[in-house]
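Only one structure is covered here, and it is reproduced in the block below.
The values are calculated or read from the model by the stated rules, or taken from the named source; none is laboratory data. As the structure is a computational prediction, the values presented were derived from the model and not from experiment. All Cβ positions, glycine included, derive from the backbone under ideal geometry; neighbour counts span all protein chains shown.
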Amino acid sequence: MRLVAPAQAPAVKMVDIYGKPIVIGGSGRRTLLSFFRDPACPFCNFRIYELTSHHKALAAMGLDIVAVFAATPKDVMRFVARQPRPFRIAADPTSHAHDTYGIERSLWRKLKGIVLRVPTLIKGLRIVGLAGLNTGNLMPADFLIDEYGRIVEAYYGGDAGDRIPIERVELFIARGLMNRAPVAA
């Protein structure tokens, strides 16, 4: 079942691909929690590339990024982590975190993404190769979580390549910075 904002982010025990615990919320920083299907997925890899290229600016504004794949740590390391990433990546082989956050499955929406997002699909296939054609039916989802662990926005992808726009993430960060700014007397 989909989560709806505003709500407290569900507590899920996760560790990153290096075995370090991941805590969502309550860190004093805002978080983009992104759920992915298979590390060989071309859409997923293109989004990882996109997050990597924006990471420096987003982190400087106070955002942590956590990417969670429904795969084994070995598979995640083989595809995604072969290039060091500047943000946390977790494997969720039992899909417990995916289920807790209401991540959906849909063959129809996967096919819709393939048809509607051909340029992104091709860019992603350049990253992962033909292995990317045999991925699961999990849909993408992104959660913007404030520094207190509250979900500010839950974004469930309408198709396999639909992610929250980076501009919405930047707006989320900017609102957090505005809330922290001292009020002039």
Q.
Can you say whether Ile122 is more than 20 Å from Leu58 (Cβ to Cβ), hydrophobic (A, V, I, L, M, F, W, C) and at pLDDT below 95, as far as the supplied structure shows?
A. yes
Q) Of the residues that sit in the stretch 1-31 and are among the aliphatic types (A, V, I, L, M) and not in a loop (DSSP other than H, G, I, E, B), which one is nearest to Phe172 (Cα to Cα)? A) Ala7
Q) If you scan the stretch 137-160, which residues turn out to be in a loop (DSSP other than H, G, I, E, B), out of contact with any Cys (no Cβ under 9 Å at 6 or more places or on another chain) and buried (at least 18 other Cβ atoms within 10 Å of the Cβ)? A) Met139, Asp146, Gly157, Asp159
Q. Restricting the search to the stretch 32-57, which residues are part of a helix (DSSP H, G or I), under 16 Å from Pro165 (Cβ atoms) and touching a residue at least 60 places away in the same chain (Cβ under 8 Å)?
A. Phe43, Phe46, Arg47, Tyr49, Glu50, His54
Q: May I ask you to list the residues in the stretch 83-119 that are closer than 21 Å to Leu63 by Cα, out of contact with any helix residue (DSSP H, G or I) (no Cβ under 9 Å at 6 or more places or on another chain) and surrounded by 14 or more Cβ atoms within 10 Å (Cβ to Cβ)?
A: Arg88, Ala97, Tyr101
Q.
Quick check on my filter: what residues within the stretch 60-82 are in contact with a helix residue (DSSP H, G or I) (Cβ under 8 Å, 6 or more places away or on another chain) and surrounded by fewer than 17 Cβ atoms within 10 Å (Cβ to Cβ)?
A. Met61, Gly62
Q | Matching residues in the stretch 82-115 - criterion: being farther than 11 Å from Phe43 by Cβ, of a type in the set (A, V, I, L, M) and assigned to a helix (DSSP H, G or I) | A | Ala97, Leu107, Leu111, Val115
Q: Considering only the stretch 137-165, state which residues are over 12 Å from the mean Cα position of the chain (by Cα) and of a type in the set (Lys, Arg).
A: Arg150
Q) Within the group Arg78, Arg37, Arg85, which residue is on the phi < 0 side of the Ramachandran plot, under 12 Å from the mean Cα position of the chain (by Cα) and charged (D, E, K, R)? A) Arg37
